Amino acid sequence: MSDQFRVVFVGFNADTDSQNAMESLATKLGVSKKKVVAFTQGKPLFGATDKNKCLKQAKLLAIYGFQSKVQPQQSDMPSSPAANNAANERVFEALDYITSSLIRIEEKLEELEQRVDGQNKSGEEKEDNQWQSDELFDELDLDTEPKPKSKKLLYTLLTILFILLIILGFSLAFPEMVQL
């Protein structure tokens, strides 16, 4: 026998007006009249709970003219509220862990960026100090024009590339002619 019970609608008392009873119960519970009508058609009005609470619910229904009975809830329900709460809690714990891990990773990345930026700045300062020295500029001959470079090598490389592309095209167009 399970420890969860539910109040089930049986009928109305003989001297009760069903419409008035449904309206007054709906206002008392603060639910819509549709929910109370659905209860009279077999849908649950209250959630599954312990036997004492179900007996109190049945007494409340009796006050408004409803006949009801307390039924044990079947234990083979796939999702009970306690199981859902436990599963939800595990999911929230996992999400919290993931979030905190991401925050730690972000903090580590920021530290690394600061270190890299600090090293780059100190490296740039050293380079700036080296370039500010006039000795380096004195050694260079800045007044001479650069010599024009020969484009012979460039044209040779382009010709070789063009010939290789033609050979590749023939090998793709006529694969039977190419023997490996």
Within the range 1-16, considering residues that are in contact (Cβ under 8 Å) with a residue 24 or more places away in the chain and either basic (Lys, Arg) or out of contact with any strand residue (DSSP E or B) (no Cβ under 9 Å at 6 or more places or on another chain) (or both), the one farthest from ALA83 (Cα to Cα):
ASP15
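So which residues in the range 21-40 are of a type outside the set (Val, Ile, Thr) and without any contact (Cβ under 8 Å) to a residue 24 or more places away in the chain, if there are any at all?
Of the range 21-40, the ones of a type outside the set (Val, Ile, Thr) are 21-26, 28-30, 32-35, 38-39.
Hits for the range 21-40 are MET22, GLU23, ALA26, LEU29, GLY30, SER32, LYS33, LYS34, LYS35, ALA38.
Could you say whether any residue in the range 146-159 is under 52 Å from the mean Cα position of the chain (by Cα), surrounded by fewer than 10 Cβ atoms within 10 Å (Cβ to Cβ) and modelled with pLDDT under 80? Can you show your working first?
Going residue by residue through the range 146-159, those that are under 52 Å from the mean Cα position of the chain (by Cα) are none.
Looking through the range 146-159, none of the residues is under 52 Å from the mean Cα position of the chain (by Cα), surrounded by fewer than 10 Cβ atoms within 10 Å (Cβ to Cβ) and modelled with pLDDT under 80.
The values are calculated or read from the model by the stated rules, or taken from the named source; none is laboratory data. These numbers were taken from a predicted model, which means no experiment stands behind them. Glycine also receives a Cβ, built like all others from the backbone with ideal geometry; neighbour counts cover every protein chain displayed.
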